[in-house]
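Enquirer: My questions all concern the structure below.
Just so it is clear, none of the values below were taken in a lab; they were calculated from the coordinates. Just so it is clear, the structure is predicted and the values come from calculations on it, not from any experiment. Cβ atoms come from the backbone with ideal geometry, glycine included; neighbour counts cover every protein chain shown.
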Amino acid sequence: MTRRSRFLIDDGRHLPVLAIDEDSSFLHGQARYRAACSCGRMPPHPAGSREEAVRAHAQHAATRLGPEQLGLRVTALAVAMLVVWGTCYAVGRSLSDSRTVLAVTHLVGFTLAFGLMVAARRLIAPTRS
């Protein structure tokens, strides 16, 4: 029996669930394995050998975002939000010396920056539900 923790992939949500497909095994006269994933989102694949099932699961897990990819995307989003806010703030400073104009452009910058964050959330972590 293999240890399931050996196959811990990415963030721990992708553990292989290998099961013998009884119908296919009966037809072929040997054990045929079907792989599933603990995340519940693995597409079905035809039953095959144990190695094929493990390989299919590894391919599924490799399509998910890793922590380093997610970190880069979050950093890029934070930089984009700062650029949006900074641009609005600079426009407010250049328009007038009035505190009211500066406050309004400051709030508009925050609103646009957080609107960007909400709009980009599906691009940042598309596999998260």
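Enquirer: Between residue 45 and residue 78, how many nm apart are label points set 7 Å from Cα along the C-beta direction?
Expert: For residue 45 paired with residue 78, the spin-label model returns 3.6 nm.
Enquirer: Would you mind computing, in nm to one decimal, how far apart the modelled labels at residue 107 and residue 19 are, each placed 7 Å from Cα along Cα→Cβ?
Expert: Taking the simple label geometry, residue 107 and residue 19 are separated by 5.6 nm.
Enquirer: Extension gain residue 118-residue 98, at 0.36 nm per residue separation less the Cα-Cα distance, in nm?
Expert: Working: separation 20, 0.36 × 20 = 7.20 nm, distance 3.06 nm.
So the chain would gain 4.1 nm between residue 118 and residue 98.
Enquirer: Next up: Shape call for the range 67-124 from the C-alpha gyration tensor, a ≥ b ≥ c root eigenvalues: rounded (a/c under 1.5), prolate (a/b greater than b/c) or oblate? Don't skip to the answer; put the middle values down first.
Expert: On the way: a/c = 4.80, a/b = 2.76, b/c = 1.74.
Prolate, because a/c is 1.5 or more and a/b exceeds b/c.
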